[in-house]
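The values are calculated or read from the model by the stated rules, or taken from the named source; none is laboratory data. Since we're looking at a predicted model, the values are computed, not measured. Methodologically, a virtual Cβ is constructed for each residue, glycine included, from the backbone with ideal geometry; neighbour enumeration extends over all protein chains shown. Note: accessible area is taken over every heavy atom of the protein model, side chains too, but ligands, DNA and RNA are not part of it. Shrake-Rupley method; radii C 1.70, N 1.55, O 1.52, S 1.80 Å.
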Amino acid sequence: MANGTAQSSITLRTDTWWVLPLVTAIVLATFGAYSTWRAFANVDFLVQPYLSPFYSPYILASWWPFSPALLILWAPLGFRATCYYYRKAYYRSFFMAPPGCAVKPMAKAGNYEGETKFPFIIQNIHRYFFYAAAVVLFFLWVDAFHALWFEDGFGIGVGTIVLFVNVILLSMYSLSCHSFRHLVGGRFDVFSKCPTRFRLWEKVSKWNENHAMWAWLSLFSVALADLYIFLLAKGVITDLRII
Amino acid sequence: MSVAKLRIYRGDAEGGQEVEYDVPIEEGMVVLDAIHFVQANYDGDIAVRWNCKAAKCGSCSAEINGMPKLTCKTRLDTLPLDKPITVHPLKTFPIMKDLVTDVSWNYEVRKKIPPFKYAKDTDWKMQQVDVERSQEFRKCIECYLCQDVCHVLRNHNKKNEFFGPRMMIKIAELEMHPLDIEDRKEMLREAAGVGYCNITKCCTEVCPEEIHITDNAIIPLKERVADTYFDPLQWVMKKIKGS
Ligand code: SF4
Ligand code: SF4
Ligand code: FES
Ligand code: FES
């Protein structure tokens, strides 16, 4: 070690650097457990006119013996798993690579390949998950509008608002994506020759500054939207009709 | 007058230890002032590198309470003074004496980056929108705090595989320049090792110039590498366009 034994400890930091990765790990693990349980459950996801975002688009395939959610969830899951922000979050909190800045990583010194080898080299195809998630997002918008039509015609219930808030947050998450930022204009060097792309890139760049916030808000909203419909289906709560 | 306890690392390549000094606190005092007090009043031979005392020359980098920081920019009143303040040299580079390390590796790596290359018939008029992105990276004061904190270099010592965040913004500065015609993508992927970065963002956290190293340089560079090496759709598009 370059500096003798003085720095051989985990870290010399004296602040509470461990709080953030710990909270992140707890929240992500809770979401992971909840969504896995709900995805496999295959019940309590539809209360007209509301469809849980975990089951959208609702695919009825006779050849598929499992929960239909599994046919869809790979897309948003892959999108989040390869997201530049979530990568930071889970590399820090689960892989401890490193858990905090100037804190010793879990892996042995030198035992690190980053994203140069399998499996993490797959992160490079994040844009393809972006495309797939965009298709799912389209259906979530359809569902939100569908939630405006009750048996007795047009209406707005609390569930309608829940689904709209969720799809707006999910859209902001997608629109602030780093790959999207690159695709709309970031890959060009001369902006003055493509003013429309420049304006788009500027907008996406602005949203991108808060990408982490959109990532968290949309994660919570998607789980809460599903929970709301689950509780409706179970009869624990009743939907309030506003209009 | 209240007193701060400074534990400064004293030693060289052979080894060393922290030595504690009492420093009377004055209004507006920064860590570099405190080190100068120690130099003037206790140990005149303490080695510390500095020049501007204005956070602009990038010489006075050290690790204060375990975090890489500029000693001339870190006010004592931002630190918890009820405990001793530790001041150590940069961990990533070989120690010369006390707080001075040998950062010459950075200058060697810098030479490996192909310089700005322009076309013969270049029209040198440029639009502000086209150079703005590169200008952010030109704020770099080469303090190497980002290189120091990066776990790829710091803990895994991948100095032969990865150029580090400071060099990534140098490459981004050139790659995004509207008049540059050099293609550094192969070098980025191979020699510069952009894939080793796992975007855990510590470089951005410590940068005193607040350069968005990961969001504005490394991630866009990873996306450009993905365009060339990981995106079959882009290959097809390029074939169709015949470029
Ligand atoms: S984001 Fe990448 S370059 Fe920056 S410190 Fe982390 S691993 Fe190193
Ligand atoms: S990018 Fe920031 S932290 Fe890195 S050398 Fe330049 S000024 Fe220092
Ligand atoms: S969704 Fe986070 S970077 Fe693309
Ligand atoms: S002395 Fe110049 S940056 Fe601190």
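Of all residues in the stretch B:190-208, count the ones that are away from ligand 2 (no atom under 16 Å from the Cβ) and under 19 Å from A:ASN111 (Cβ atoms).
The number of residues fulfilling the criteria is 4.
Looking at (1) open to solvent by 50 Å² or more (accessible area, probe 1.4 Å); (2) touching a residue at least 40 places away in the same chain (Cβ under 8 Å), which one does B:LYS120 not meet, given that it meets all the others?
(2)
Checking B:LEU174 against (1) open to solvent by 60 Å² or more (accessible area, probe 1.4 Å); (2) out of contact with any strand residue (DSSP E or B) (no Cβ under 8 Å at 6 or more places or on another chain); (3) within 13 Å of chain A (Cβ to nearest Cβ), only one condition comes out false. Which one?
Looking at each condition in turn, B:LEU174 falls short on (1).
Name the residue that is farthest from B:PRO220 (Cα to Cα), counting only residues in the stretch A:200-215 that are more than 13 Å from every other protein chain (Cβ to nearest Cβ) and either among the charged types (D, E, K, R) or in contact (Cβ under 8 Å) with a residue 60 or more places away in the chain (or both).
A:ALA215
List every residue pair whose Cβ atoms sit under 7 Å apart, with the two residues 6 or more apart in sequence or on different chains, where the first one lies in the stretch A:95-123 and is of a type in the set (D, E, K, R) and the second, anywhere, is surrounded by fewer than 17 Cβ atoms within 10 Å (Cβ to Cβ).
Matching pairs, first to second residue: A:LYS104/A:ILE10; A:GLU115/A:ILE121.
Name the one entry in B:MET187, B:MET237 that is without any contact (Cβ under 8 Å) to a residue 24 or more places away in the chain, open to solvent by 20 Å² or more (accessible area, probe 1.4 Å) and either not assigned by TED's automatic domain parsing to the domain that holds B:PRO89 or not acidic (Asp, Glu) (or both).
After applying the criteria, what remains is B:MET237.
Checking the conditions here, which among B:LYS83, B:LYS69 is open to solvent by 50 Å² or more (accessible area, probe 1.4 Å) and away from ligand 2 (no atom under 16 Å from the Cβ)?
Sole residue among the options that is open to solvent by 50 Å² or more (accessible area, probe 1.4 Å) and away from ligand 2 (no atom under 16 Å from the Cβ): B:LYS83.
Looking at this structure, is A:LEU183 in a helix (DSSP H, G or I), closer than 24 Å to A:ALA75 by Cα and in contact with a strand residue (DSSP E or B) (Cβ under 8 Å, 6 or more places away or on another chain)?
Working: in a helix (DSSP H, G or I): yes; closer than 24 Å to A:ALA75 by Cα: yes; in contact with a strand residue (DSSP E or B) (Cβ under 8 Å, 6 or more places away or on another chain): no.
Criteria not met by A:LEU183.
Residues B:GLU209, B:GLU182: which one is in the same structural domain as B:LYS111 (by TED's automatic domain parsing), in contact (Cβ under 8 Å) with a residue 24 or more places away in the chain and under 15 Å from the mean Cα position of the chain (by Cα)?
Only one candidate passes the filter, namely B:GLU209.
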